[in-house]
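One structure coming up, written as structure tokens, with questions to follow.
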Amino acid sequence: QVQLVESGGGLVQPGESLRLSCATSGITFTLYTMGWYSQAPGKQRELVASITSGGSTNYADSVKGRFTISRDNAKNMVYLQMNSLKPEDTAVYYCSSKLESLNYWGQGTQVTVSS
């Protein structure tokens, strides 16, 4: 049974930081490309950042220089360090794992940036 469980969301003020975590089980974690997606109300889900099994990273232009994705293969975890948060970062953030035609999602964690 595959499980992806996000944690670390919350309410913060503009300029503050959050670290999201995603715990995985039921997959051979080291083989998967892991990603974080965001979905704001009324908008489509979109890629925030991804990291391949080899450690190559990719970021949406809107978060480059502010967010950092990382993975811990020993713990089967993926993280998203979010710095200098802006109100427009407000969304539900989803963890994703992908390997060829296999694609799994977590339940999401809410991030709200507001003064």
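The values are calculated or read from the model by the stated rules, or taken from the named source; none is laboratory data. Quick caveat: nothing in here was measured; it's all calculated off a predicted structure. Using ideal geometry, Cβ is built from the backbone for each residue, glycine included, and neighbour counts are taken over all protein chains shown. Side chains included, ligands, DNA and RNA excluded: accessible areas come from the protein's heavy atoms. Shrake-Rupley method; radii C 1.70, N 1.55, O 1.52, S 1.80 Å.
Taking all protein chains as present, what is the carbon and sulfur share of the accessible area of the range 41-115, in % to the nearest whole number, probe 1.4 Å?
Working: 1920 of 4200 Å².
That fraction is 46 percent.
A further question on this structure: Taking every DSSP beta bridge that has both residues in the chain, what percent is antiparallel when rounded to the nearest 5? It would help to have the intermediate numbers written out before the result.
Numbers: 39 of 42 bridges.
Bridges in the chain are about 95 percent antiparallel.
Oh, and also: Work out, step by step, the length gained on full extension between residue 114 and residue 101: first 0.36 nm times the residue separation, then minus their alpha carbon distance; give nm to one decimal. It would help to have the intermediate numbers written out before the result.
On the way: separation 13, 0.36 × 13 = 4.68 nm, distance 3.77 nm.
Extra length available between residue 114 and residue 101 comes to 0.9 nm.
How much length would be gained if the chain were fully extended between residue 39 and residue 75, taking 0.36 nm per residue of separation minus their Cα-Cα distance, in nm to one decimal? Intermediate values should be presented prior to the final figure.
Numbers: separation 36, 0.36 × 36 = 12.96 nm, distance 2.65 nm.
Taking residue 39 through residue 75 to full extension adds about 10.3 nm, to one decimal.
When Rg is the radius of gyration of the Cα atoms in the chain and Rh is its Kirkwood radius, what does Rg/Rh come to?
Working: Rg = 13.3 Å, Rh = 14.0 Å.
Result for the chain is an Rg/Rh of 0.95.
I've got another one for you. Name all residues of the range 30-60 having a backbone nitrogen under 20 Å from the label point set 7 Å from the Cα of residue 68 along its Cα→Cβ direction, giving them as ranges.
34-37, 48-60
What does the charge add up to near residue 78, with Lys and Arg as +1, Asp and Glu as -1, over the other residues with Cβ less than 13 Å from its Cβ? Before the final figure, lay out each step's value.
Values: positive: 19, 71, 75, 98; negative: 6, 72.
That works out to +2.
Per Stokes-Einstein, at 4 °C and 1.567 mPa s, what whole-number D in µm² s⁻¹ belongs to the range 29-70, with the Kirkwood radius over Cα pairs as the hydrodynamic radius?
Working: Rh = 11.0 Å.
Calculated translational D: 118 µm²/s.
Hey, which lysines would be in cross-link range of residue 75, C-alpha to C-alpha under 28 Å, not counting anything within fewer than 8 residues on its own chain?
64, 98
Suppose we flag GluC sites (Glu not before Pro) only when DSSP calls them loop and at most 16 other Cβ atoms lie within 10 Å. Which is the longest uninterrupted stretch of the chain?
On the way: sites that count: 16, 100.
The reported range is 17-99.
Roughly how many Å² of residue 31 are accessible to a 1.4 Å probe, to the nearest 10?
That residue has around 100 Å² of solvent-accessible surface.
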